[in-house]
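Asks: Have a look at this one.
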Amino acid sequence: MWGFPASHTAQPPTFTAHLSNFSPRNSPKPPISSITIKPSISTTKDTNDKNKLIQSLCKQGNLRQALKLLPHEPNPTQHTYELLILSCIRHESLSCGLQVHRHLVDDGSGQDPFLATKLINMYSELDSIDDARKVFDKTRNRTIYVWNAVFRALALAGHGMDVFELYCRMNWSSGIESDRFTYTYVLKACVASESSISLLRKGKEIHAHVLRRGFEACVHIMTTLVDMYARFGCVLNASCVFDEMPMKNVVSWSAMIACYVKNERPFEALELFWEMTLENRDSLPNSVTMVSVLQACAAIVALEQGKLIHGYILRRGLDSILPVMSTLVTMYARCGKLEIGQRVFDQMDKRDVVSWNSLISSYGIHGYGRKAIQIFKDMISNGVSPNEITFISVLGACSHAGLVVEGKMLFDSMCREHGMYPSMEHYACLVDLLGRANRLDEAAKVVEDMRIEPGSKVWGALLGSCKIHCNVGLAERACKRLFELEPRNAGNYVLLADIYSEAKMWGEVKRVKQLLEAKKLQKVPGCSWIEVRKKVYSFLSVDEFNHQSEQVHALLVKLSTEMKDRGYVPQTGIVLYDLEEEEKERVLLGHSEKLAVAFGLINTNNGEVIRISKNLRLCEDCHSVTKFISKFVNREIVVRDVNRFHHFRDGVCSCGDYW
DNA sequence: TTAGGGTTAG
């Protein structure tokens, strides 16, 4: 529809050269009147015509045509360039962005700080941080907007250290003062660093600057601080900042609730949520708040509270928001109510890849591998493309169900049919799938042949399989690498000690335990939760301060005696402590999961399902004891361990003893 | 011109 002179009708060139190589063009620009426009936009000789045309084309989304007008006289105005840059961002076109930038430099607008800000934003959005930095470096008149733009760009790209270097330069030699935007970006940079150096100390310094400059009432900065401390695991610092905020809004409340969830403090998250709904009328929870709260319910199997929150979501009309509904599906499944999760999914008007992933992983953790594969297929036939997490979910489902052939086919299809390269997580799933199925040699071969350097997740999956199938040699090989990759992860040492213990290699058990002690590392204590009458009770292994401690202990001793009469032999081999046999039995009986089951039996009615969650993998002894109890007292017991669900009914577990 | 919290995973 546009009639251009032949030399100007070509597609815009793709500039890949560095911006420093740009040079003013000497070729004369054709006047705007040489352009034929038809039929709706009229041509006049007004010098504003070109700008109006470009602006109008940008607004219509016709970036290519707008770019074709660039070589014509007169030069575009600042506003025209701004619209062009925004249009390049919208079209996600770096080559068009470079073209606009080149014209802008040629026209002598390269030093305009407004346009420099826009260009930095553009390159940041288009993931070209080096170009963003070059714009900043070349801009001599750096307003606070220019500085803030480069801080934001670098923080988003994970270049935290560069932000601090520039922040110091701004403070010491630019004569420009930080504003409230500067602080939010610089605080973001603390947690978004590619460097392994902890930037927590830097973050605390910025916190001090913020207070010194009197920004303690700025909700944005304070909320960013809460989030920063949350990401560093400093829950106390986060809650201090939150408590002292003179003004809070829904975002601040949500940030604090999310802080508790991220740092495994679901009880505090729920407590704060109820406080927010009951006492704080100014900041009503929104969809973001609900997502965190549902995660908290899922973490501790707080089904009754989860149902209350579901009701709240419906009352507030938040049930059309996809992330909320996907998390709701997950919450029900993780609380053992897969069928309600499925119902929630069925009732959703719209579904995205996350909703499907939620359902796939829900079936996966309950051990329904084939159903998970079927949902994966349904998802594709519904026109939704799988993403990386879809494959992690479906491979995990295969692993739990022992579907080795199907899992391997899915792994291959990732690249072949869906054009995705397997990541570290996918390799870890494959290793887990093979290893759990006692195909350890094959799993080790996968690790050897990986196209990327195997990381701790992959070696960890191999070690986990060695634990299940008691393979000392391979476990030692995995640990050699794991101890280098994550020297402070106590779990790896404990697993190795467990494997040695199983193999009755007591000298080696002792050596690993000494290693743990020397490194001052501590085994994560076993912890289980149970919800009784809408209240969640937690139990720590071998802790005399647990709820109804005496009654619980008495019941367990009674059950243990009954079980022994029926052939139960306590698996004392898994107790790593150097104790007498009787004492080892006492340790086993004090495992948090057994305490929670006994508490459930005492405090719930006959026929009620006992639902428990545990922070670690269920141990062999707890597994066989729970099977026994389910038959002996005729109760359904549902246990979620760190990996999956176990439904105990009439002496049998849904995992088929494969976990 | 610029800003803060959340989806699915093993």
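Asks: Counting only Cα atoms, I'd like the Rg/Rh figure for the range A:459-518, Kirkwood definition for Rh.
Replies: Values: Rg = 10.3 Å, Rh = 11.1 Å.
Checking Rg against Rh, the ratio lands at 0.92.
Asks: Note down the magnitude of the dipole of the range A:529-653 about its Cα centre, charges +1 on Lys and Arg C-beta and -1 on Asp and Glu C-beta and zero elsewhere, to the nearest 20 debye. Each step should come with its number before you reach the end.
Replies: Working: 18 positive and 19 negative charges, 159 e Å.
About 760 debye.
Asks: Another one. Once both axes come from the Cα atoms, what is the angle between helix A:353-365 and the longest principal axis of chain A, in degrees from 0 to 90, rounded to 10?
Replies: 10 degrees
Asks: For chain A, what is the charge dipole size about the Cα centre, in debye to the nearest 20, if Lys and Arg each add +1 at the Cβ and Asp and Glu each add -1 at the Cβ? Provide the component values of the computation, followed by the final result.
Replies: Details: 79 positive and 74 negative charges, 259 e Å.
In total the dipole reaches around 1240 debye.
Asks: Below 10 angstrom from the Cβ of A:S423, what's the summed charge of the other residues (Lys, Arg +1; Asp, Glu -1)? Don't skip to the answer; put the middle values down first.
Replies: Values: positive: A:K457; negative: A:E388, A:E425.
Around A:S423, the charge tally is -1.
Asks: Also: Round to the nearest 10 and give me the degree value, 0 to 90, for the angle of helix A:129-138's Cα axis relative to the longest principal axis of chain A.
Replies: 40 degrees
Asks: Which of A:K371/A:K627; A:K138/A:K202; A:K564/A:K584 have a Cα-Cα distance over 19 Å? Don't skip to the answer; put the middle values down first.
Replies: Working: A:K371/A:K627 25 Å; A:K138/A:K202 27 Å; A:K564/A:K584 15 Å.
The answer is A:K371/A:K627; A:K138/A:K202.
Asks: Here is a further query. Working only with C-alpha atoms, what are the Rg and Dmax values of the range A:552-629, expressed in angstrom?
Replies: Reported Rg and Dmax, both Å: 12.6, 40.
Asks: A:M505: accessible area at probe 1.4 Å, nearest 10 Å²?
Replies: 60 Å²
Asks: What's the Cα-based Rg to Rh of the range A:510-574, Rh via Kirkwood? Walk me through the numbers before you get to the answer.
Replies: Values: Rg = 16.4 Å, Rh = 15.0 Å.
Ratio of gyration radius to Kirkwood radius for the range A:510-574: 1.09.
Asks: Hey, another quick one. Would you mind working out the magnitude of the charge dipole of the range A:297-445 relative to its Cα centre, with +1 at each Lys and Arg C-beta and -1 at each Asp and Glu C-beta, to the nearest 20 Debye? It would help to have the intermediate numbers written out before the result.
Replies: Details: 16 positive and 15 negative charges, 67 e Å.
Roughly 320 debye for the range A:297-445.
Asks: If ligands, DNA and RNA are left out, what is the accessible area of A:K52 with a 1.4 Å probe, given in Å² to the nearest 10?
Replies: 120 Å²
Asks: Can you compute the FRET efficiency between A:E620 and A:K558 using 1/(1 + (r/R0)^6), with r the Cβ-Cβ distance and R0 = 25 Å? Round to the nearest 0.05.
Replies: On the way: r = 22 Å, r/R0 = 0.88.
Working from the Cβ atoms, E equals 0.70.
Asks: Based only on the alpha carbon positions, what is the Kirkwood hydrodynamic radius of chain A, in angstrom?
Replies: Working: mean 1/r = 0.0344 Å⁻¹.
When all Cα pairs of chain A are included, the Kirkwood radius is 29.1 Å.
Asks: I'd like the accessible area for A:K457: 1.4 Å probe, protein heavy atoms, all chains in place, Å² to the nearest 10.
Replies: A:K457 exposes around 110 Å² with every protein chain in place.
Asks: By DSSP, what percent of the beta bridges with both residues in chain A are antiparallel, rounded to the nearest 5?
Replies: Details: 17 of 21 bridges.
Beta bridges within chain A, antiparallel portion: roughly 80 percent.
The values are calculated or read from the model by the stated rules, or taken from the named source; none is laboratory data. What you see is a predicted model, and the numbers here were worked out from it, not measured in a lab. Because the Cβ atoms are built from the backbone with ideal geometry, glycine has one as well, and the counts that use them run over all protein chains shown. SASA here: full protein model, heavy atoms, side chains in, ligands and nucleic acids out. Shrake-Rupley method; radii C 1.70, N 1.55, O 1.52, S 1.80 Å.
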